[in-house]
Amino acid sequence: MIFLASQSPRRRELLRQLGVDFSILDVDVHEESAPGEPPEDYVSRVAREKAAAGLMQVVAVPDAIVIGADTEVVLGDAVFGKPADAADAARMLRLLSGRAHRAISTVWCVSASREEHATSDTRVDFMPLGEDDIAAYVASGEAFGKAGAYAIQGRAAAFVARLDGSHSGVMGLPLHETAQLLRRFGVRA
């Protein structure tokens, strides 16, 4: 049985695209990078902690496989998580404006006997954004609950001048990598 350790509607929607039957687990993992922790390590650690917390909930289920994922927007060495408020969202968008950044998404699959992971590292180039663009986007509400204060599957798609990597990874679950992991666990995806 497959479990997704995430309350993200985007991750649920993406995993459904693979045609996999799964159940949802509600996990609570503290998402804060340690001092000096590289962004790649942080994203992987949080995804693994989500999967491990989920596995603890279903450890008695025979053949349980838990998927945990995390996605963060990274500019230089700065990790842009979910904005705290409108001012924080606008700040992030100003910093991303006219620049290239990375969307790092790591997926862990864990079971009682093994664990494996894969990472998608996507380059996203934003067009220059004016203050009106930023204000309108933040006012739309779409910036909230999203790493980097934007949803590539929504209105912010118009901000993306170029993308090199996984579109689904930027959304929160890199489908190619997830499918490959599940196949290694004997799940046809």
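For a quick check of your reading: which strands (runs of 3 or more DSSP E) sit entirely within the range 44-118 and have at least 2 residues that are farther than 30 Å from GLY130 by Cα and not small (Gly, Ala, Ser)?
65-75, 100-110
Where residues in the range 5-17 are crowded, with 17+ Cβ neighbours inside 10 Å and either free of Cβ contacts under 8 Å to residues at least 40 places away in the same chain or touching a helix residue (DSSP H, G or I) at 6+ places or on another chain (Cβ under 6 Å) (or both), which of them is nearest to PHE144 (Cα to Cα)?
So the first thing to find is which residues in the range 5-17 are crowded, with 17+ Cβ neighbours inside 10 Å, and the list is 5-6, 8, 10-11, 14-15.
Those left that are additionally either free of Cβ contacts under 8 Å to residues at least 40 places away in the same chain or touching a helix residue (DSSP H, G or I) at 6+ places or on another chain (Cβ under 6 Å) (or both): 5, 10, 14.
Numbers: ALA5: 20, ARG10: 13, LEU14: 19 Å.
Per the criteria, the residue is ARG10.
Specify which of the listed residues (ALA118, ALA189, ALA139, ALA100) is of a type in the set (A, V, I, L, M, F, W, C) and modelled with pLDDT under 95.
Numbers: ALA118 fails: modelled with pLDDT under 95; ALA139 fails: modelled with pLDDT under 95; ALA100 fails: modelled with pLDDT under 95.
Criteria check complete, one pass: ALA189.
A quick yes/no check of all residues on (1) open to solvent by 70 Å² or more (accessible area, probe 1.4 Å); (2) in contact with a Ser or Thr (Cβ under 6 Å, 6 or more places away or on another chain); (3) not in a helix (DSSP H, G or I):
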{"site": "ASP121", "(1), (2), (3)": "yes, no, yes"}
{"site": "ILE134", "(1), (2), (3)": "no, no, no"}
{"site": "ALA156", "(1), (2), (3)": "no, no, no"}
{"site": "ARG162", "(1), (2), (3)": "yes, no, yes"}
{"site": "LEU181", "(1), (2), (3)": "no, no, no"}
{"site": "VAL187", "(1), (2), (3)": "no, no, yes"}
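Of the residues making up the range 18-37, those that are touching a residue at least 40 places away in the same chain (Cβ under 8 Å) and either open to solvent by 60 Å² or more (accessible area, probe 1.4 Å) or closer than 18 Å to VAL73 by Cα (or both) are GLY19, GLU31, SER33. On the stretch given as the range 76-117, residues that are touching a Lys or Arg at 6+ places or on another chain (Cβ under 9 Å), surrounded by fewer than 17 Cβ atoms within 10 Å (Cβ to Cβ) and among the hydrophobic types (A, V, I, L, M, F, W, C) total 1. Is it fair to say ILE152 is modelled with pLDDT of 95 or more, among the β-branched types (Val, Ile, Thr) and part of a loop (DSSP other than H, G, I, E, B)? It is true that ILE152 is modelled with pLDDT of 95 or more, among the β-branched types (Val, Ile, Thr) and part of a loop (DSSP other than H, G, I, E, B).
Criterion first (touching a residue at least 60 places away in the same chain (Cβ under 8 Å) and charged (D, E, K, R)) does ARG45 satisfy it?
Numbers: touching a residue at least 60 places away in the same chain (Cβ under 8 Å): no; charged (D, E, K, R): yes.
Here the answer is no, as ARG45 does not meet what is asked.
The values are calculated or read from the model by the stated rules, or taken from the named source; none is laboratory data. All figures in this text were calculated on a predicted structure; none of them were measured in a lab. Quick reminder, even Gly has a Cβ in these numbers, built from the backbone with ideal geometry, and neighbours come from all protein chains shown. Areas reflect the complete protein model, heavy atoms only, side chains present, ligands, DNA and RNA absent. Shrake-Rupley method; radii C 1.70, N 1.55, O 1.52, S 1.80 Å.
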